[in-house]
Amino acid sequence: MRFEDLVYDRPDFDGLVGEISSLLDGLSRSKDREEFFSLHKKIEDSFLKIDELYNIVSIRNSINTKDEFYDGELKLFYEHMPRFDELKHRLGTIRLESKFRSDFEEKYGKTITMRDKLQEDTFDPSIMEDRVSESKLVNEYYKLTGGAEIEFRGEIKNISGLLAITQDRDRDTRREAFEALNGWFAANMESLDRIYDDLVKIRTKIANKLGFETYTPVAYKLMGRLDWDSSDAKKYREQILEHIVPLSQKIYADQAQRIGIENMKYFDLPLSFLSGNPKPVGDEDLLVAKALEMYKELSEETGEFFEAMIDKGMMDLTTKDGKAPGGYMTSLPLTQMPFIFSNFNGTSGDVDVLTHEAGHAFQGYLTRDMYPNENNDLTMEIAETHSMSMEFFTHPWMEKFFGEDSEKYYYDHIASAIKFIPYGASIDEFQEYVYANPSASPKERRAKYREIEKKYLPHLDYDGNEYLENGGRWQRQLHLYTDPFYYIDYTIAQINAFQYFVMDMENHEKAWDSYIKLCKISAKLPTKKALKEVGLESPFDDGTIEKILPKLTDYLESLDKDKIK
Ligand code: ZN
């Protein structure tokens with residue numbers, strides 16, 4: 001059955017809530033092992049039904065936001081979802097307290113109940129009102145930044161429109177675009193400060209009510225981090241500082257030479273090549289056909305996966321009127337297929353969808369019939385390892401997609417990944433300060449961020465821009481407002497993916513087997529254990545980063561400089 005043929009009937013929300021509640025009653029009373037497991041399966045099936053229908057509605061809504069029917073259905077789901085979240089929470093509590101807990105753990109592993117425990121640690125009825133206030137503030141940030149109307153050369157732009165112009169080849173254009181952008185942030189600084197300050201105070205209050213001194217451990221638990229904490233993050237950042245920062249400075253110096261600007265200012269940084277960024281060679285039809293060839297050549301599993309994605313219509317790729325912005329991958333648990341949504345627009349981002357989002361989707365495909373489904377509740381650093389590694393496993397085929405630009409693609413892919421890591425670390429270290437010092441003033445926060453920024457990003461020359469010189473840059477980073485401590489996950493995944501990149505160059509079979517194993521482990525093991533199980537080194541361990549870097553530099557050196565301009 002193809003995606004467009006899937007039938008959607010509105011679920012009977014009240015009926016399902018009643019049904020799951022009574023199954024949960026039965027589960028909590030259950031004295032018989034067989035009965036416990038059979039009820040557990042029934043409960044999970046009911047949840048999957050809701051998840052499936054919700055995903056169908058939300059995919060169809062993002063494909064056409066103007067379709068009133070699915071818009072209405074989505075609103076209905078938003079209204080009812082908290083009831084199902086509450087039931088899921090209850091399921092966790094029952095599992096923890098059940099006399100069949102150890103049977104359950106023996107059968108399905110320990111991470112589900114470990115996460116049940118995290119959930120218990122981070123929830124208390126007394127914080128519900130605070131969470132509502134928190135999400136109101138987060139929405140305020142979205143609304144403020146999403147509604148930005150910024151004048152640029154006589155035209156009104158939004159933030160992402162302006163960011164696109166900051167890559168322009170003309171230096172004045174880049175500078176003016178950045179000045180307009182930062183001008184808007186400076187003008188809204190007080191609101192942005194107030195929203196953040198309120199968020200930090202509410203989150204600290206939540207932590208205190210839950211019995212924690214600061215919000216940091218609460219955030220870690222909420223992200224499902226089972227075997228690493230802020231002390232690991234600290235050691236990890238030290239490695240970044242020692243090894244990646246110097247390498248990134250060398251990459252910036254090469255960039256300065258390449259684009260012919262001796263003292264690059266912050267507004268020069270988005271311009272990697274004077275000849276423009278690498279461009280894919282065709283539209284959706286051509287790129288998908290090439291991706292199919294690629295995935296068939298890469299492995300049997302990927303060939304079967306991508307063929308199924310096409311045959312079942314599980315991708316909606318090209319941008320069109322009425323589509324929601326951005327891109328994502330999600331899963332249909334009953335249809336047992338992943339779905340990829342994106343907005344192809346003729347940039348290299350189109351190919352990223354076919355490697356990165358397809359990496360997420362491939363992992364979803366490999367584990368499509370996993371039971372319990374909760375063993376697929378990935379933490380972000382592992383989920384992004386699946387997708388970012390696929391970007392590297394598909395490297396040998398990039399000539400198909402970029403033709404003459406492929407050398408530029410190869411260079412930029414590695415170089416921008418390296419450049420990103422210190423920035424990610426700066427955001428993490430800043431948050432550690434913020435939540436350890438919840439009463440710091442906005443001015444103190446800004447001063448601290450500027451200090452951290454100078455450590456990780458010493459090349460930054462803000463050209464006297466007051467807002468940036470005073471430490472305002474972090475306010476553009478959505479995650480600080482929406483998901484505290486989340487950002488570092490991208491950098492950890494990048495280090496894992498780099499390990500696969502290096503391993504793949506040295507021994508493809510070994511690397512691919514390990515990758516498939518990691519995909520299939522999914523969330524059945526905590527992060528450090530999972531990495532160890534598949535023969536990857538932990539990014540938190542001393543030496544891991546240091547070992548990879550020379551291989552990355554060798555790779556960059558091996559590329560044809562004449563084609564990278
Ligand atoms: Zn991703």
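Some observations on this one:
- Fraction of C-alpha pairs exceeding 17 angstrom in region 510-565: 56 percent, rounded to a whole number.
- Sites Lys520 and Asp103 - FRET efficiency at Förster radius 25 Å, r taken between beta-carbons, to 0.05: 0.60
- Cα gyration tensor shape for region 148-190, rounded if a/c is under 1.5, else prolate or oblate: prolate
- For region 386-464, the Cβ-based charge dipole about the Cα centre amounts to some 460 debye (Lys, Arg positive; Asp, Glu negative; other atoms uncharged).
- Percent carbon-and-sulfur accessible area, region 289-419, ignoring ligands, DNA and RNA, probe 1.4 Å: 46 percent
- Using the Stokes-Einstein relation with a Kirkwood hydrodynamic radius computed over Cα pairs, the translational diffusion coefficient of the chain at 20 °C and a viscosity of 1.002 mPa s comes to 84 µm²/s.
- Angle in degrees between helix 544-558 and the longest Cα principal axis of the chain, rounded to the nearest 10: 50 degrees
- Pairs spanning more than 22 Å between alpha-carbon atoms, out of Lys296/Lys532; Lys296/Lys517; Lys265/Lys565; Lys279/Lys561; Lys110/Lys547; Lys265/Lys454: Lys296/Lys532; Lys110/Lys547.
- Considering only beta bridges that DSSP places wholly inside the chain, some 75 percent are antiparallel.
- Accessible area of region 98-150 belonging to carbon and sulfur atoms, whole % at 1.4 Å probe: 52 percent
- Between 0 and 90 degrees, the angle of helix 13-29 with respect to the longest Cα principal axis of the chain falls at about 70 degrees.
- For the pair Glu68 and Asp321, a Förster radius of 22 Å applied to the C-beta separation gives a FRET efficiency near 0.90, rounded to the nearest 0.05.
The values are calculated or read from the model by the stated rules, or taken from the named source; none is laboratory data. Computed from a prediction, not measured in an experiment: that's the story for all the values here. Using ideal geometry, Cβ is built from the backbone for each residue, glycine included, and neighbour counts are taken over all protein chains shown. Each accessible area value is taken on the protein alone, full model and side chains, heavy atoms only, with ligands, DNA and RNA left out. Shrake-Rupley method; radii C 1.70, N 1.55, O 1.52, S 1.80 Å.
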